[in-house]
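Data first, discussion second: the structure below is written as structure tokens.
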Amino acid sequence: MPGRSTSSSGSTGFISFSGVESALSSLKNFQSCISSGMDTAYSVALDLVETQTEVSSEYSMDKAMVEFAMMDRELNHYLKAVQSTINHVKEEHPEKIPDLKLLVEKKFLALQNKNSDADFQNNEKFAQFKQQLKELKKQLKPKEDGGHNDFDQIKDKDASRAGNGRDGLQADREADGTEGVDEDMIVTQSQTNFICPITQLEMKKPVKNKVCGHTYEEEAIVRMIESKHKRKKKACCPKIGCSHTDVRMSDLIQDEVLRRAIESHKKKRRQSD
């Protein structure tokens with residue numbers, strides 16, 4: 001092995017792991033390829049649900065996400081096994097060269113034997129995929145009120161306001177049990193989740209806080225967190241009434257379902273203008 005000095009008795013003065021660590025770095029880069037694959041499968045799955053494509057196609061994307069999650073888990077276990085072996089040898093300073101391959105295999109198999117389906121819930125992208133798919137299906141599922149879903153209700157409110165005048169709004173109020181509520185509130189309430197609590201503008205790239213569940217414009221919340229951290233302060237959730245006082249970058253995940261909902265609303269709004 002290059003970089004290893006040995007005596008005639010077979011003992012070793014040191015073992016250089018520079019080549020191994022370089023290979024580990026390359027394997028870590030491969031993780032980004034798995035991540036990109038999951039992003040693609042995730043996006044396609046949402047498209048299939050949104051266009052109400054046959055269930056078998058959606059299932060294929062779900063299966064692909066499982067395969068990616070399994071690859072990610074296996075790669076993580078291998079990286080841990082190799083790193084653990086390196087650390088063990090460095091700490092023990094063995095007199096004779098150990099069988100590194102055997103040590104790695106043993107540690108890797110020990111990790112693999114602990115595998116369970118629950119592991120997938122610890123894969124952030126897979127968990128996010130399942131959650132957002134569920135949310136999108138809920139939004140698109142026809143309700144018992146004449147087959148309207150959440151998007152249709154927003155469109156109907158806008159249409160009532162723009163084309164049907166006060167009589168249309170009055171009929172909506174009576175049907176919804178909201179008679180007497182200000183007409184602007186009827187339209188605005190359904191769009192509340194589209195507005196960033198920081199910019200007070202409709203979001204273009206919303207991110208969700210995993211801790212409190214609130215959403216923000218990505219650029220705005222990132223800028224706010226960075227500004228607070230530069231002053232050695234914690235960033236509180238900007239949503240009024242939220243008790244979360246330590247928002248971190250790691251708490252933020254892309255809210256693809258909300259982004260699609262906003263785009264869908266924009267499209268319907270343009271069509272009704």
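The values are calculated or read from the model by the stated rules, or taken from the named source; none is laboratory data. Computed from a predicted structure; not experimentally measured. Virtual Cβ from ideal backbone geometry, glycine too; neighbours counted across all protein chains shown. SASA here: full protein model, heavy atoms, side chains in, ligands and nucleic acids out. Shrake-Rupley method; radii C 1.70, N 1.55, O 1.52, S 1.80 Å.
Do any of Lys125/Lys205; Lys228/Lys268; Lys228/Lys267; Lys130/Lys268 go past 29 Å between their Cα atoms, and which?
Numbers: Lys125/Lys205 17 Å; Lys228/Lys268 38 Å; Lys228/Lys267 36 Å; Lys130/Lys268 27 Å.
Cα-Cα > 29 Å for Lys228/Lys268; Lys228/Lys267; rest within.
Sorting Asp72, Asp47 by accessible area (1.4 Å probe), largest first, what list results? Please list the in-between numbers first.
Working: Asp72 30, Asp47 65 Å².
Greatest to least solvent exposure: Asp47, Asp72.
Under a cut-off of 28 Å between alpha-carbon atoms, report the lysines in cross-link reach of Lys106, not counting same-chain residues fewer than 8 places apart.
Lys28, Lys80, Lys90, Lys96, Lys114
How large is log10 of I(q)/I(0) for segment 90-137 at q = 0.15, 0.27, 0.28, 0.29 Å⁻¹ when the intensity is taken from the Debye formula with one equal scatterer per alpha-carbon?
For segment 90-137, the Cα-only Debye profile gives -0.63, -0.98, -1.00, -1.03.
Show Ile34, Ile240, Ile97, Ile253 ordered by accessible area, largest first, where the area counts protein heavy atoms only and the probe is 1.4 Å. Walk me through the numbers on the way to the answer.
Values: Ile34 5, Ile240 170, Ile97 65, Ile253 25 Å².
If we order Ile34, Ile240, Ile97, Ile253 from most to least accessible, we get Ile240, Ile97, Ile253, Ile34.
For the peptides 20-26, 198-204, what is the packing order when you average, over each peptide's residues, the other Cβ atoms within 10 Å and list the highest mean first? Write out the running numbers ahead of the final one.
Numbers: 20-26: 11.9, 198-204: 14.6.
Result, highest mean Cβ count within 10 Å first: 198-204, 20-26.
On the accessible surface of segment 25-128, probed at 1.4 Å, how many percent belong to carbon and sulfur atoms?
Working: 3450 of 6540 Å².
Using a 1.4 Å probe with all protein chains present, segment 25-128 comes out at 53 percent carbon and sulfur.
Give the ranking of Glu95, Glu217 by solvent-accessible surface, highest area first, calculated with a 1.4 Å probe. Present the calculation step by step, with values, prior to reporting the outcome.
On the way: Glu95 145, Glu217 30 Å².
Of Glu95, Glu217, the descending order of accessible area is Glu95, Glu217.
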